[in-house]
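Since every read-out is calculated from the coordinates, none of them should be taken as a lab result. What you see is a predicted model, and the numbers here were worked out from it, not measured in a lab. In this analysis, Cβ positions are derived from the backbone assuming ideal geometry, glycine residues included, and neighbour counts consider all displayed protein chains.
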């Protein structure tokens, strides 16, 4: 098993995306700071995954396609576009994946490739936000379109049992 962090949009959205994939063992939602700026936290998730089922390259591609990875908007402090790695090998794999994927995007990918620093877990009532009540307006209006994009691009990696409500 391996662990990696992803940030880029609301952590409720990011959590739902990664919880919807085969090969994901656990997703913890909260805030991450990188190793150099340990006092600067932004919304993110920690993902534990089985690399025999889903690779870090695939996870990186999924992350880039399911948030605004080319947009440098005013909320980037709160929603930092980043992959938080735990070792040099992960840094290299993510860097290569992002370089290969760049040609698929109309503008430069701004997602940062950073060394993980610290994690703060969100409170229990917000964990598994989407799957606790998929009928909430935020879920139907904001998260569902991202999950539809996930299904459209990565159906072979999606746990369609979890997302039957979107595919029926």
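Between residue 100 and residue 133, what is the spin-label point distance in nm, taking each point 7 Å from the Cα along the Cα→C-beta axis?
Here the modelled spin labels are 4.2 nm apart.
Show that you can apply the helix-only estimate: for the chain, add -39,500 (n - 2.57) for every DSSP H stretch of four or more residues, divide by all residues, and state [θ] at 222 nm to the nearest 500.
It lands at -8500 deg cm²/dmol.
How large are Rg and Dmax for region 2-167 when calculated on the C-alpha trace, in angstrom?
According to the Cα coordinates of region 2-167, Rg and Dmax are 14.7, 42 Å.
So what's the gap between the Cα centers of region 1-38 and region 131-168, to the nearest angstrom?
Value for the Cα centre distance between the two parts: 17 Å.
Applying a 10 Å radius around every beta-carbon, put 45-51, 61-67 in order of their mean neighbour count, most first.
61-67, 45-51
Only bridges whose two residues both fall in the chain count here: according to DSSP, what percent of them are antiparallel, nearest 5?
About 85 percent, rounded to the nearest 5.
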